[in-house]
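Reviewing the structure listed below.
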Amino acid sequence: MANKTKFQAIKGTRDLLPPETELWNRVEQTAREVFGTFGFGEIRLPIFEPTELFARSIGLDTEIVAKEMYSFPDPFDLGDMYAQYQLLEGRIPGAGQFASVANLLPDSQLIAARPEATASVCRAYIEHGMHALTQPVKLYYMGPMFRRERPQKGRYRQFYQIGAEVLEKEVASGEWRVASEKEAATDAEVIEMVMTFFARLGLEGVQLDINSIGHSEPPVDGENVCRRAYVEKLKAALETVKGRLGEDSKRRIETNPLRVLDSKLESEQEIIAKLPRIGDSLCADCAKQYAEVKRQLDMRGVKYQENWRLVRGLDYYMRTTFEITARGLGSQNAVCGGGRYDGLVELLGGAPTKGIGFAIGEDRLILSLQEAGKGSVVQGRDVYIAWLGEKTLATAIRAARDLRAAGFRVELPPVEQKFGKALGQADKLGARYALILGEDEVASGEWTVKTLADGTQVAVREERLLEFLRGGRVKE
Ligand code: HAM
């Protein structure tokens, strides 16, 4: 008996269908254009990478690495793993124990569906010796990312990002410890680029939040590591209010105290408002850099709001962090996140390198555009060819080929239809013109073109058809 199982997209994943995909294409095309004007080139990256690349970059104590990564053993290495598992457990696992095998293996033997792409860009920068190119190297990417989050509006397990990164090898070793005007200008220009992109799309209710989270390793000097000093201060303050915090925040005091500032829990808001602020702990260099970023944003006419609680959920950030929210997204309203990550390339085995970048959540961007009524797309046709009679088919095929070659969107029904039915079909597809081809038209060479919006009809000779349609502004 045939198996009647109905297949469905896996939870948290979805199909993107026409005509909505037209909007996705428009968004991506606009990104290419805008990023191109800022001197960025496209990088295409693998979907999966070694788990360790993300674990090391994003940080073991982050939600993404600890809970959300789709990390698995490469099935081709399974033979080895079975052997290891048998050694560990003393028996052969069934298919259902595959996950246990993955748990027993170190990250170095696993691969992961990428949860983000900054780590991959840094890996590629090192692997291709991009430090030898003219610096800085400016790259953008777009494509699917994977995180095992609880799906809801604007949050998926397979989602899409459009991101950009600027990487620049340090000229002198240790240079990155010293904040310079140059890097503040780069930060501001990268932010200006996203804002220009959003403005070009007509995104509404855009709000840019910025912050500086100081620097960590390597220390400028033992005393002056502003983030470390701040985290100590924050931890001490959190200990005093521990009893009033929720379970998540309590746990984070030990694992990742900065993330407590991110809490959305209503009961914690008043407590968090009174915690020490990183702005008061920044070392002179970081404070100088932050002030310069703000000045540079002002010079570019980019409006922002300072948000001392903006710490971001990935460990690689230092100094500038930013997030952009947009209207119509409910609780998942961050449409873009980014920041500076000097030192990440070095952490991954490359030369000391500065980095700054962002990633836009494309799903959320599209949702916000749709909510604002900016997402309407008609995937209509320019011309519907209504043909009738076996002898007209060859002419209809030729007409379709010529019109398509000229760039018109053409629908050629595969079998003949009565004209009434064909015109009804043309209407449903949103066609602007119907080209009516019957045996009379083919014999006389005078074709009939009907404008569907007003029902007017004219006779046009074949050789004048393109001219007529262009004159009729069928195609902008
Ligand atoms: P992120 O904040 O983790 O940063 O993600 C950036 C954006 O991706 C978010 O603001 C959101 O719009 C979107 N996003 C994240 N998770 C989901 C999800 N489950 N469903 C839908 N959209 C989501 C990064 O990924 C960094 N790599 C950004 C970066 C680049 N920093 C420097 N360079």
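The values are calculated or read from the model by the stated rules, or taken from the named source; none is laboratory data. Fair warning: this is a prediction, and the values are worked out from it, not measured in the lab. Don't worry about glycine lacking a Cβ; one is built from the backbone with ideal geometry, like all the others, and counts go over all protein chains shown. Side chains are part of the model used for accessible areas, which takes the heavy atoms of the whole protein and leaves out ligands, DNA and RNA. Shrake-Rupley method; radii C 1.70, N 1.55, O 1.52, S 1.80 Å.
For this structure, a couple of remarks:
- For the chain, Cys with no neighbouring Cys Cβ under 4.7 Å: CYS122, CYS286, CYS336
- Whichever lysines have a C-alpha closer than 16 Å to that of LYS274, once near sequence neighbours (fewer than 8 apart) are set aside: LYS233, LYS235, LYS242, LYS264
- Ordering of 339-347, 307-315 by burial proxy (mean other Cβ atoms within 10 Å per residue, highest first): 339-347, 307-315
- For the range 223-343, a/c is not less than 1.5, where a ≥ b ≥ c are the root eigenvalues of the C-alpha gyration tensor, and a/b does not top b/c. That puts it in the oblate class.
- With R₀ set to 51 Å, the beta-carbon distance separating ARG470 from GLU181 gives a calculated FRET efficiency near 0.45.
- Net length gained if the chain between THR255 and ARG300 were fully extended (0.36 nm per residue, minus Cα distance): 12.4 nm
- Solvent-accessible area per residue, Å², over the chain with all protein chains present [probe radius 1.4 Å]: 50
- Summary of packing: across the peptides 297-306, 197-206, the per-residue average of other C-beta atoms within 10 Å ranks them, highest first, as 197-206, 297-306.
- Accessible surface of the chain, 1.4 Å probe, proportion on carbon and sulfur as whole %: 52
- With the alpha-carbon atoms of the range 295-421 aligned to their principal axes, the span from lowest to highest coordinate is 73, 37, 29 Å, starting with the largest.
- Full extension of the chain segment joining LYS391 with GLU68 gains 110.1 nm, where the gain is 0.36 nm per residue of separation less the Cα-Cα distance.
- For the chain: relative contact order, % (alpha-carbon pairs under 8 angstrom, 6 or more apart): 16
- Overall shape: rounded for the range 399-457, with the ratio a/c of the largest to smallest alpha carbon gyration tensor axis below 1.5.
- Stretching the chain fully between ALA372 and GLN8 yields a gain of 128.0 nm (0.36 nm per residue, less the alpha carbon separation).
- Per-residue SASA entry for LEU60, accessible area with 1.4 Å probe, Å² rounded to 10: 120
- Degrees separating the helix 20-37 axis from the principal Cα axis of the chain, which is the longest one: 60
- Cα long-axis angle, helix 284-299 against the chain (0 to 90 degrees, to the nearest 10): 30
- Value of relative contact order over the range 368-438, rounded to a whole percent, pairs C-alpha under 8 Å and six or more apart: 48
- The range 1-76 shape via C-alpha gyration tensor axes, a/c threshold 1.5: oblate
- Crossing angle, helix 226-241 versus the chain [Cα axis fit, 0-90 degrees, rounded to tens]: 80
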